[in-house]
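Presented below is the structure to which this report refers.
What follows is calculated from the coordinates using simple rules that are stated; it is not laboratory data. Only a predicted model underlies this, so the values are computations on that prediction, with no experimental measurement involved. Virtual Cβ from ideal backbone geometry, glycine too; neighbours counted across all protein chains shown.
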Amino acid sequence: GAVVSQHPSWVICKSGTSVKIECRSLDFQATTMFWYRQFPKQSLMLMATSNEGSKATYEQGVEKDKFLINHASLTLSTLTVTSAHPEDSSFYICSARAGPGNTIYFGEGSWLTVV
Amino acid sequence: GQQVMQIPQYQHVQEGEDFTTYCNSSTTLSNIQWYKQRPGGHPVFLIQLVKSGEVKKQKRLTFQFGEAKKNSSLHITATQTTDVGTYFCAGDNFNKFYFGSGTKLNVKP
């Protein structure tokens, strides 16, 4: 089946620094990628929808200047958490699909801890 | 914005009992997908329902999509301990894809 690779799986960063998370579709071209955040024992909260070659569409309440999303190619999207703070510590997970209505495949997720 | 509600939040069953989780959307969906997530893992795709009134089966799992394409259900017959995890529905409204709150299933042996 389709594979979506997310890197890094775990990252610890100091407060005030930035961290980048990559999401790659390995065997299909992902026209759309989604970024989610999941707090412990909660559901996945959609942060933004990213279409290749265009600006990401952010959900209400998500700071676009803090969570920079780039979808420069059909196989790669990145999420950069800028000026990270401890409250940004969370599980971030991406998903991708080839087109509207297609099955969505998830990356393995990235655990971010800001100290 | 679109909301996808899912109930119950938790379900504890004895092994062999049945289990059902329900999903409701505030808007009509183009399709709905179901995922299972184990603790510490990422959501794993189970199935996609597209047609109004569609019913699909995977062994002991039965998935239904409502006639109005706003609600869906997942039913597990004769649960096993391997069914433990959180089941999420996810509503697809073309370029927006929202998850339900999930139902955490615990199966006692």
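Observations
- Remark: A:His7, B:His42 ranked as A:His7, B:His42, counting other beta-carbon atoms within 10 Å and listing the fewest first.
- Taking the Cα centre of chain B as reference, the dipole from Cβ charges on Lys and Arg (+1) and Asp and Glu (-1) amounts to some 200 debye.
- Think of region A:53-115 as having a plus end and a minus end, set by charges on the Cβ of Lys, Arg, Asp and Glu; of A:Gly99, A:Gln60, A:Val115, A:Gly99 sits farthest toward the positive end of this dipole.
- Sorted by Cβ density within 10 Å, fewest first, the residues B:Ile7, B:Ile32: B:Ile7, B:Ile32
- For the protein assembly as shown, the Kirkwood hydrodynamic radius comes to 17.9 Å, computed from all pairs of different C-alpha atoms.
- Here the convex hull built on the C-alpha positions of region B:1-88 has a volume of 98 cubic angstrom per residue.
- For region B:26-79 and region A:87-115, distance of Cα centres in Å: 20 Å
- Sites listed here are chymotrypsin sites (Phe, Trp or Tyr not before Pro) in region B:7-106 whose DSSP assignment is loop and whose Cβ has at most 16 other Cβ atoms within 10 Å: B:Phe94.
- Given +1 at the Cβ of Lys and Arg, -1 at the Cβ of Asp and Glu and no other charges, the dipole of chain A around its Cα centre is 40 debye to the nearest 20.
- Residue by residue along B:40-48, Cβ atoms of other protein chains within 10 Å of the local Cβ number 5 on average.
- Taking a straight line from the alpha carbon of B:Lys108, these aspartates and glutamates sit under 20 Å away, with near neighbours fewer than eight places off in the same chain left out: B:Glu15, B:Glu17, B:Asp18, B:Asp83.
- Cross-link pairs exceeding 32 Å in C-alpha to C-alpha distance, out of A:Lys41/B:Lys96; A:Lys66/B:Lys51; A:Lys66/B:Lys56; B:Lys70/B:Lys104; A:Lys64/B:Lys57, comprise A:Lys66/B:Lys51; A:Lys66/B:Lys56; A:Lys64/B:Lys57.
- In range of the label at A:Ser15: residues from region A:51-87 whose backbone nitrogen is under 13 Å from the point 7 Å along Cα→Cβ: A:84-87
- Within region A:2-62: Cβ-based charge dipole about Cα centre, in debye rounded to nearest 20 (Lys, Arg +1; Asp, Glu -1): 260 debye
- Unpartnered cysteines - no second Cys beta carbon under 4.7 Å - across chain A: A:Cys13
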